[in-house]
Amino acid sequence: MVTSDQQKRILLQGNEAVVAGALAAGCRFFAGYPITPASEISELLSVKLPELGGTFIQMEDEIASMGAVIGASLAGTKSMTATSGPGFSLIQENLGYACVTEVPCVIVNVMRGGPSTGLPTSPSQGDVQMARWGTHGDHPIIVLAVSSVSDCFSVTVKAFNLSEKYRVPVIVLSDEVVAHTREAVALPDADQIRVIDRIAPDVPPEWYKPYADNNRGVPDMAAFGDGYRHHVTGLIHDDHGYPTQDGKEVEKFIQRIHRKVSKGFQEIQVIKTHDMEDAEICVIAYGSVARSALRAVRDARNQGVKAGLIQLVTLFPFPRKSVDSYLRQCRVAIVPEMNMGQMSREISRVNQGGCRIVKHNKIDGHLISPEEILKHLITV
Amino acid sequence: MSDERYEIRFSGSGGQGIITAAVVIADAVGSFDNKYVCQTQSYGPEARGGKSKAEVVISSSPIDYPKALSVDLLLAMTQTACDAYFFDIKPEGLLVVDSGLVQQLPTSRAVSIPFTQIAREAIGKEIVANMVALGAVGYLCGQVSLSSLEQALLSRVPRGTEQMNSEALHAGIEEAKKIDLDSLPRSVLSDWDDEL
C-alpha cells in the first residue's frame, strides 16, 4: 500500500487494519468465535458491520462459524471469519466444503504458539502447511501472509478480490506480532481501491448451469434468492450441481477447480524484494519475521555483505516462478521461520539444488531477532 | 546499529496500564507528530498480574524491525519488571522508575519518581499512575510534542475521565521538569568507544 503524507495517518493495530481492509473490499458478514490473538477482529466488526448494514454473529464455535460464512456467501454477501490455531483446526471440515462448492470466503488465521491451546499470547508460524493442507482431499486454496499493519489492509483486500474472482477460499495468515503491532498508517480512499465482485449469471434462470466450465474455469455464481435454483453439495457434482460418480465428470471437476487457480497464477503469486538486484545471499521470509529479515539485510549490507530479502506474500500456490531466478542467482538462501521449517521444505522442493538452503527455526514463542538472521548472513 | 531509532520500553505488572501508556505515546508520535512509529507488546495469559511490557519505536524513516533493538528509555513500574527488562538498555540509556515500587536500581543513570503516590495523593486515584508516568516519560524522552501527547491521551481515555487523566499527565510532566538529566552520571563505556 502506498501511503501519502498528505493523508491523515491514524494509529492502527494489525487486527484493526484487517477489519478496515475487509470492509473496504465489501465484506458485510462475519461469523466467528473469540480467540486470542484474533479477538480484536471480531470485536471491531461487531461494531462496524451493523453500522454498514452488515451482519455480525458470534457462533457457538468455529465449526458453526465457518458454516455461517459459507451460507452468507452463497446468499451473495462477501463473508469472512477470523480465528487462531485451535479454531483454525475446527474450521477445516467446512473449509473443505467451501473449496468443493467453490464458495468465495476469507479466513484470517492469526497464528499463535501450538499445538493445541499452546501459547495463546505468543507468535508462531506453525500453521503454514495446515493452511495449505488442513482440509482433506486434493483441494485448491490460496494462502497469503501479512507482515505489517499496511499489509493487513492491502492483503485482506487482495484476499477478498482473489476469492471472488476465482471462487476459492483464501486464507490470510497473520501472527501475534503483526496482529498486535500498532503503526500510524494512511489508508487509501475508497475510490483508490480496486474491488472485484463475483460474476453473476447473465442467462435466464432456466438455462443456468451452476457448475458449468467456461474459459475462466470459474462458473458464474448466482446468489440464493435471485431466482436461479441450484443445488449445493459437498459430494463431487456435475455441471448442474448434482452428485456424480461418473469417472469422466469427477475428473473434469477436480481438474477444473485446480486449473482455475493455475490459470491465475501470475496474478496470485506476490512477492516483495529488497536489495535483490546484486544479492549473493538472500533471506526468504514472510509474516513478522520478514521485518526482522529486512533489518538483518540492511545491517549485513552495512558490513559489506551482498544480501537481499525475498518477502513471500503469497505462500500457496507457492510463488515458484517469482522465486526461481533468485534461487539461481544466490549461492545461499536463509529461511528463518517461527516453526520447525514448514516453508523451507517448500523452498527446497522448488529449488532443485540451485543454491544452498539454510534453515533458521525458532519455536520458543518469541519473534526471531535481526541479530539471529544477521549471524547467518555474515557467516555462511 | 539502531541509527535514528528511539526506543522506549514501558514495563510493569498486568493491570497497571502499561500498554495503554505506550499506545497513547505511539498515537501522539504517529498520528499527531507525523513520525514513523511502531508499538508492540508482550503479556502473559493472565488478566492481571504477571509481567507486562510494551515498546514504542520512533523514527523519521519507515521502521523495519518493530520491536526494540536497544532501549533508549526504560520505564519500570515494578521491581520484577525492572530486573527483567533492564538487560538491553543502551549504556547512555535512561531508566525511569516508580520510586515507591522499585528500590533496587541496576544503574545510577536512573530517575526515581513516586508515580503511584502522586496519582493517589495529588490526583486521588491510583489507577492513573500510568498517566503520571507517561507525562514524565514524554517529557524526559524529548521525542514527542507534549501537546500532541495530551491530545492523544484525551482522544483515547473513557469519556468523563479526561480531566483526571489530563491532570495526571501534567503532574508527571511537572515532576520530570525538576530532574536535571545532565547531573546524572554518564556511562564510562562511551569513553572507551575509541579504544573498543
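If you take each beta carbon of peptide B:35-43 and count the beta carbons of other chains within 10 angstrom, what is the mean? Partner Cβ neighbours, averaged per residue: 6. Direction-averaged projected area, Cα convex hull, segment A:298-352: 4.4 nm², rounded to one decimal.
Residue order for A:48, B:178, B:125, fewest other beta carbons within 10 angstrom first, comes to B:178, B:125, A:48.
Applying 0.36 nm per residue to the separation of residue A:223 and residue A:58 and subtracting their alpha-carbon distance, the gain on full extension is 57.1 nm.
Taking the inverse of the average 1/r across all pairs of different Cα atoms in segment B:133-188, what Kirkwood radius in Å do you get? One over the average 1/r among Cα pairs gives 12.2 Å for segment B:133-188. Remark: segment A:270-379 carries a charge dipole of roughly 200 debye about the Cα centre, counting +1 on each Lys and Arg Cβ and -1 on each Asp and Glu Cβ. Sorting B:26-38, B:50-62, A:251-263 by average packing, meaning the other beta carbons within 10 Å per residue, from highest down gives B:26-38, B:50-62, A:251-263. Assuming charge only on the beta carbon of Lys and Arg (+1) and of Asp and Glu (-1), the dipole of segment A:10-192 about its Cα centre is about 240 debye to the nearest 20.
Contact order for segment A:205-266, expressed relative to its length and based on alpha carbon pairs under 8 Å spaced 6+ residues apart, stands at 31 percent. Think of each Lys and Arg Cβ as +1 and each Asp and Glu Cβ as -1; about the Cα centre, that makes the dipole of the protein assembly as shown roughly 1200 debye. Each of residue A:46 and residue A:273 was given a label point 7 Å from its Cα along the Cα-to-Cβ line. The distance between the two points is 4.6 nm. Here the Kirkwood formula, the inverse mean of 1/r across different C-alpha pairs, assigns the protein assembly as shown a hydrodynamic radius of 25.3 Å.
In the protein assembly as shown, taking the dipole from charged Cβ atoms about the Cα centre, the farthest positive-side position among A:305, A:348, B:43 is held by A:348. Counting beta carbons within 10 Å around each of A:380, A:110 and listing the fewest first gives the order A:380, A:110. Geometric descriptor of segment A:205-266, per residue, is 92 Å³ (volume of the convex hull of the Cα atoms). The orientation-averaged projection of the convex hull spanning the C-alpha atoms of segment A:97-197 amounts to 7.1 square nanometres. Centre-to-centre, using Cα atoms only, segment B:113-137 and segment A:219-254 are separated by 65 Å. Based on alpha-carbon atoms, the Kirkwood radius and the radius of gyration of segment B:4-44 give Rg/Rh equal to 0.99.
Convex hull of alpha carbon positions in chain B: directionally averaged projected area 11.2 nm². For a distance above 21 Å, tell me the whole-number percent of Cα pairs in segment A:142-208 that qualify. Roughly 40 percent, once rounded to a whole number. Rounded if a/c is under 1.5, else prolate if a/b beats b/c, else oblate: with a ≥ b ≥ c from the C-alpha gyration tensor eigenvalues square-rooted, which is segment A:22-132? The shape class here is oblate. In terms of other Cβ atoms within 10 Å, A:355, A:330 run from fewest to most in the order A:355, A:330. Each of A:266, A:219, A:242 was placed along the dipole of segment A:216-283 (beta-carbon charges, centred on the mean Cα), and the one lying farthest toward the positive end is A:242. Estimated from helical segments only, the mean residue ellipticity of chain B at 222 nm is -9000 deg cm²/dmol, where each DSSP H run of four or more residues counts as -39500 (n - 2.57). Rounded, prolate or oblate, given the Cα gyration tensor of segment B:1-112, with a/c below 1.5 counting as rounded? Cα axes put segment B:1-112 in the oblate bin. Helices in chain A, meaning DSSP H runs of at least 4 residues, each add -39500 (n - 2.57). Divided by all residues, the mean residue ellipticity at 222 nm is -12000 deg cm²/dmol. Each part gets one Cα centre, and for segment A:281-352 versus segment A:124-140 those centres are 21 Å apart. Hydrodynamic estimate: the Kirkwood radius of segment A:270-379 over Cα pairs, inserted into Stokes-Einstein at 25 °C and 0.890 mPa s, corresponds to D of 182 µm²/s. The residue list B:103, B:173, B:34 was ranked by how far each Cα lies along the charge dipole of segment B:24-173 toward its positive end, using unit charges on Cβ atoms, and B:103 comes out on top. Between residue B:122 and residue A:254, the distance separating the two model label sites (each 7 Å from Cα on the Cα→Cβ line) works out to 7.4 nm.
Only the coordinates and a few stated rules stand behind these numbers; no lab work does. In this text, all values refer to a predicted model and were calculated from it rather than measured experimentally. A quick note on method: Cβ atoms are made from the backbone with ideal geometry, for glycine too, and the neighbour counts reach across all protein chains shown.
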